[in-house]
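J.: I'd like to ask you about the structure that follows.
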Amino acid sequence: MTVEFKPKFNGVADATPVPLVLGLQPAALIDHVARVDWSLLDSVPGERGGSTPVAMEELEKILREVETHILSTPEDPYPVKAIAGGSVTNTIRGLRAGFGISTGMIGAYGDDDQSNLFSSNMRFHGVDVSRMRKKKGPTGQCVCLVDALGNRTMRPSLLSAVYLQGDELTKEDFKGAKWLVMRYGKLYLGVIQAAVKIAKQEGLLVSLDLASFEMVRDYRDHLLEMLESGNIDLCFANEDEAAELLRDKQRTDPEAALEFLAARCKWAVVTLSSNGCIAKHGKEVIRVPAIEEVTAIDATGAGDLFASGFLYGLVKGLSLEDCCKIGSCSGGSVIQSLGGEMTPEKWQWMYKQMQLRGLLLPPSYF
């Protein structure tokens with residue numbers, strides 16, 4: 001059987017179904033993704049890799065310098081993109097565009113051109129943005145610098161950006177949904193806590209991504225409090241985040257982190273980059289290898305699209321192993337191009353990988 005990518009969301013304002021999965025991104029974000037040489041990364045403040053906040057002036061300075069440090073290829077002569085970004089955005093867009101799951105966003109954006117770019121990009125892919133609030137002020141932006149090996153260095157500027165306040169949330173924001181997807185962040189801890197409270201009152205399951213090793217390192221106490229609450233049903237962590245989470249423990253390896261998370265969440269997943277992932281649900285522990293023969297162009301969105309595939313599996317009631325395998329297919333697809341937004345060609349590649357592994361394909365894309 002040949003699987004063909006047939007997107008149904010082409011920017012036409014058709015009636016959007018009630019979102020089954022909601023993403024909380026308090027501040028909308030535009031990602032400026034660029035493939036650059038090492039010399040620029042050496043001059044960018046903060047540690048290479050991960051995500052370090054910067055002022056808008058510094059972000060604009062980096063963007064100006066990008067023009068003279070671009071790494072182009074014959075296949076991609078202009079490797080710079082500006083798209084709706086952020087971890088939750090990538091996951092929610094991927095769930096809708098590639099897996100056909102109805103999704104929506106909760107958050108806020110400004111009254112500038114960046115907000116128009118964000119909303120039009122998400123609507124094009126069929127994501128419901130009716131729960132987004134427009135406010136006076138700037139929309140958040142982030143520079144995502146990708147080196148020749150596909151490693152990313154992210155510098156977000158959010159301190160001056162508009163964002164959603166916890167007291168602005170209502171039960172109507174969560175009506176009809178089954179899942180709430182979030183990313184940990186100290187800056188928006190108040191709205192995250194308010195969203196979790198209402199979501200649990202409304203019977204939603206909550207998914208949390210640990211964001212970055214810096215976020216876990218610098219705000220670990222608040223994170224542990226959130227995990228200990230019992231309100232987080234699904235938690236995603238990568239190797240670096242897992243190590244930071246257990247930094248005061250005798251063991252800090254991914255397997256120990258998996259056990260730690262699984263004792264506090266129904267589902268726990270630790271992604272291991274090129275070594276695949278490990279996951280636990282109840283007493284079941286699964287290890288799934290990464291897809292072989294994948295050339296990594298840009299790691300941006302790898303964990304986010306892994307989450308899209310994993311959540312698709314959970315929504316469809318698939319086994320823990322199949323959830324991990326689908327996540328590996330989607331995560332392995334997005335790293336083959338620049339940015340966290342999948343192209344039709346990459347979705348096609350992912351479907352073929354799923355088909356080869358006997359995995360459940362989205363019925364709306366046959």
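The values are calculated or read from the model by the stated rules, or taken from the named source; none is laboratory data. Given the structure is predicted, the values throughout are model-derived calculations rather than measurements. No Cβ is skipped: glycine too gets one built from the backbone with ideal geometry, and neighbour counts run over all protein chains shown.
J.: Give region 113-155 a look and list any residue that's in contact with a helix residue (DSSP H, G or I) (Cβ under 9 Å, 6 or more places away or on another chain), at pLDDT 95 or above, small (Gly, Ala, Ser) and under 29 Å from Lys61 (Cβ atoms), or say none.
T.: Hit for region 113-155 is Gly140, nothing else.
J.: Further, regarding this structure: Which residues, counting only those in region 29-54, are of a type in the set (Ser, Thr, Tyr) and in contact with a Pro (Cβ under 9 Å, 6 or more places away or on another chain)? It would help to see each step written out before you state the result.
T.: Just the residues of region 29-54 that are of a type in the set (Ser, Thr, Tyr), to begin with: 39, 43, 51-52.
Scanning region 29-54 gives Ser51, Thr52.
J.: Restricting attention to region 267-296, and to residues there that are free of Cβ contacts under 8 Å to residues at least 40 places away in the same chain and in a loop (DSSP other than H, G, I, E, B), which single residue is nearest to Arg152 (Cα to Cα)?
T.: Ranking the qualifying residues of region 267-296, first place goes to Leu272.
J.: Yes or no: Val206 outside any helix (DSSP H, G or I), modelled with pLDDT of 95 or more and surrounded by 15 or more Cβ atoms within 10 Å (Cβ to Cβ)?
T.: On the way: outside any helix (DSSP H, G or I): yes; modelled with pLDDT of 95 or more: yes; surrounded by 15 or more Cβ atoms within 10 Å (Cβ to Cβ): yes.
When the stated conditions are applied, Val206 passes them.
To keep it simple, each residue is scored yes or no on (1) at pLDDT below 90; (2) farther than 16 Å from Met122 by Cβ; (3) touching a Phe, Trp or Tyr at 6+ places or on another chain (Cβ under 9 Å); (4) not β-branched (Val, Ile, Thr).
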position	(1), (2), (3), (4)
Leu22	no, no, yes, yes
Pro45	yes, yes, no, yes
Pro53	yes, yes, no, yes
Ile70	yes, yes, yes, no
Val88	no, no, no, no
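J.: Moving on. Six or more apart or on different chains, Cβ under 7 Å: which pairs go from a residue in region 124-148 that's in a loop (DSSP other than H, G, I, E, B) to one that's among the basic types (Lys, Arg) and crowded, with 16+ Cβ neighbours inside 10 Å? Could you list them?
T.: His125/Arg93; His125/Arg96; Gly126/Arg96; Val127/Arg93; Val127/Arg96
J.: Sticking with this structure for a sec: Only one of Asp218, Asp240, Asp233, Asp253 is closer than 22 Å to Arg93 by Cα and acidic (Asp, Glu). Can you tell me which?
T.: Details: Asp218 fails: closer than 22 Å to Arg93 by Cα; Asp240 fails: closer than 22 Å to Arg93 by Cα; Asp253 fails: closer than 22 Å to Arg93 by Cα.
Selected residue: Asp233, the only one of Asp218, Asp240, Asp233, Asp253 that is closer than 22 Å to Arg93 by Cα and acidic (Asp, Glu).
J.: From the residues in region 199-237 that are touching a Ser or Thr at 6+ places or on another chain (Cβ under 9 Å) and of a type in the set (S, T, N, Q), which one is farthest from Trp179 (Cα to Cα)?
T.: Going through the qualifying residues, I end up with Ser212.
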